[in-house]
Ligand code: 6PG
């Protein structure tokens, strides 16, 4: 199924994305009583989380029926300025008064990253009641896009990108914090909905390479390998990030 590409005016991107995410959450809660949401890290989603936490929007969603997981985490302590959990806690969990029991944090601080990855996999399997080799189905996985085509902490040419069985692996970043914990493509592609969040003109080139591949290398980019088995693939772009796409896609 081709991706559902949605383009917003830059000033509307956060509100449009927040509304879409809340819709998905309400659907999941209606369907099976809870919303299994894997958050993305990096800088793009922070203003989305802050918008979701605002009182006006917060009333439109039963956040206390949401289980918050993470798509990836840097191997740092939760109070480290690079921690994805730390960013989500400050911008979303604390403002919404989320019970810590609802949050499944990747233990980036564990010196044994492989143990932390296996431990998180056990947590996901316990949460979902899904035993190996079955792959659990999350309701929504949020993803960002790096300018090298990485997503979550699945970087080009790394073992984590090609992990065939695990749900969670140890990623290696060529920049910044090297050691990461990351969901693998297996669990990402099993999700009901995968939502890429990409804004800004700096991402326009890599967005085009992923969505309008011109070469085999483009098709091999980690973000290009995100293709849900049965779920939906949605891209929420602002005009700047979409500015190099050649296909005409009307604004939402
Ligand atoms: C992370 C993210 C990573 C991020 C991209 C885009 O932990 O950094 O999971 O995949 O989404 O690098 O980051 P920005 O949103 O900061 O551009």
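Observations, loosely collected:
- Exposure proxy ranking, count of Cβ atoms within 10 Å, fewest first, for 236, 61, 106: 61, 236, 106
- Proxy reagent accessibility, fewest Cβ within 10 Å first, across 203, 175: 175, 203
- Helix-only CD estimate at 222 nm, as mean residue ellipticity for the chain, using -39500 (n - 2.57) per DSSP H run (n ≥ 4): -7500 deg cm²/dmol
- Short to long, the 5 Å bins of the Cα pair-distance histogram for segment 111-224 hold 2, 12, 20, 23, 20, 13, 7, 3, 0 percent of all pairs.
- Mean separation of Cα contacts under 8 Å (6+ apart) over length of segment 88-171, as relative contact order %: 24
- Distance from the alpha carbon centroid of segment 54-101 to that of segment 179-252 works out to 23 angstrom.
- Cβ-based exposure ranking for 247, 178, 91, in which fewest neighbours within 10 Å come first: 247, 178, 91
- For the chain, diffusion coefficient by Stokes-Einstein and Kirkwood Rh (Cα), 10 °C, 1.306 mPa s, µm²/s: 88
Throughout, read-outs are computed from the coordinates displayed, never taken from laboratory work. All values derive from a computational prediction rather than experimental measurement. Positions of Cβ are generated from backbone atoms using ideal geometry, with glycine treated the same way; all protein chains shown enter the neighbour counts.
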